[in-house]
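First up is the structure itself, then whatever we jot down about it.
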Amino acid sequence: MTLTVRVIAPDKTVWDAQADEVILPSTTGQLGILSGHAPLLTALDTGVMRVRASKNTSWQAIALLGGFAEVDQDEVIILVNGAERGDVIQLEEARTAFNEAQNRLNQVNSEDRQAQIQATQAYKRARARFQAAGGLV
C-alpha cells in the first residue's frame with residue numbers, strides 16, 4: 001500500500017503524489033510515516049521533509065518552514081507556512097544564505113532577545129533550504 005501525500009503552503013501545493021515513505025521534521029524530532037500508520041496530528045518544525053515514491057526511487061527533499069501534519073487512513077496532509085522542493089533550490093545560493101545566516105547568528109548580541117530569535121529563525125530557514133538542496137547531510 002502507498003500513502004497519499006500533500007504538502008500545501010499558503011501560495012501553492014508543493015507536493016501531491018503517492019509515496020511509500022515520509023520522514024517529517026516534527027517539533028519533537030524526526031517522524032517516519034509508512035502506510036498503516038496510526039492517526040496522528042503533529043506540529044512541524046522548520047526543517048527538511050523527505051519523501052520516497054517507491055522503494056526503487058531516491059528520496060526527494062522538501063524544505064518546510066513550520067506547520068502541521070495530519071496522518072489518517074494512509075493520507076498525509078501537511079499544511080505549512082512555506083515550502084520549497086530541494087530540486088529547485090540553487091545549491092550555491094542556498095550555501096551563501098546559510099553561511100550569512102550562520103555568521104549573523106554568531107554575531108548577534110546575546111542580550112537582545114528579539115534579534116536572537118530573528119537570527120535563529122533565519123538560520124533554521126537557511127539550513128533547511130541548504131539541506132534540501134543537498135548541501136548538508
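The values are calculated or read from the model by the stated rules, or taken from the named source; none is laboratory data. Treat the numbers as computed from the prediction; the structure is a model and nothing was measured. In this analysis, Cβ positions are derived from the backbone assuming ideal geometry, glycine residues included, and neighbour counts consider all displayed protein chains. Keep in mind that these areas ignore ligands, DNA and RNA; they rest on the heavy atoms of the full protein, side chains included. Shrake-Rupley method; radii C 1.70, N 1.55, O 1.52, S 1.80 Å.
Can you work out which of the residues in segment 1-20 that are assigned to a loop (DSSP other than H, G, I, E, B) and of a type in the set (A, V, I, L, M, F, W, C) is farthest from E75 (Cα to Cα)?
Within segment 1-20, the first condition is being assigned to a loop (DSSP other than H, G, I, E, B), and the residues that meet it are 1-2, 9-12, 20.
Pick out the ones that are also of a type in the set (A, V, I, L, M, F, W, C) and you get 1, 9.
Numbers: M1: 11, A9: 17 Å.
The extreme case among them is A9.
For every residue, the table says whether it meets (1) closer than 11 Å to A133 by Cβ; (2) in contact with a strand residue (DSSP E or B) (Cβ under 8 Å, 6 or more places away or on another chain).
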site	(1), (2)
V76	no, yes
N81	no, yes
G86	yes, yes
E92	yes, no
R95	yes, no
A101	no, no
L105	no, no
S110	no, no
A115	no, no
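Pull out all pairs, ordered by first then second residue, where Cβ-Cβ is under 9 Å, the residues are six or more apart or on different chains, the first lies in segment 122-137 and is closer than 10 Å to L91 by Cα, and the second is open to solvent by 50 Å² or more (accessible area, probe 1.4 Å) and in a loop (DSSP other than H, G, I, E, B).
F130/L136; Q131/V137; A133/Q90
Examine segment 91-101 for a residue that is open to solvent by 70 Å² or more (accessible area, probe 1.4 Å) and in contact (Cβ under 8 Å) with a residue 60 or more places away in the chain, and state whether such a residue exists.
no
Only one of I23, I117 is open to solvent by 20 Å² or more (accessible area, probe 1.4 Å) and outside any helix (DSSP H, G or I); which?
Working: I117 fails: outside any helix (DSSP H, G or I).
The match here is I23.
I need the full set of residues from segment 1-20 which are open to solvent by 50 Å² or more (accessible area, probe 1.4 Å) and among the charged types (D, E, K, R), in order please.
Going residue by residue through segment 1-20, those that are open to solvent by 50 Å² or more (accessible area, probe 1.4 Å) are 1-2, 6, 8, 10-13, 16, 18.
Those that are open to solvent by 50 Å² or more (accessible area, probe 1.4 Å) and among the charged types (D, E, K, R): R6, D11, K12, D16.
For residues that are among the β-branched types (V, I, T) and assigned to a loop (DSSP other than H, G, I, E, B), tally how many sit in segment 26-49.
The initial filter retains those residues of segment 26-49 that are among the β-branched types (V, I, T), namely 27-28, 33, 42, 46, 48.
Then keep just the ones that are assigned to a loop (DSSP other than H, G, I, E, B); that gives 27-28.
Number satisfying all stated conditions: 2.
Test each condition in (1) surrounded by 17 or more Cβ atoms within 10 Å (Cβ to Cβ); (2) touching a residue at least 40 places away in the same chain (Cβ under 8 Å); (3) not hydrophobic (A, V, I, L, M, F, W, C) for E75 and report the one that comes out false.
That leaves (1) as the condition not met.
Does E84 satisfy the criteria of being closer than 16 Å to R6 by Cβ and either in contact with a Ser or Thr (Cβ under 6 Å, 6 or more places away or on another chain) or surrounded by 13 or more Cβ atoms within 10 Å (Cβ to Cβ) (or both)?
yes
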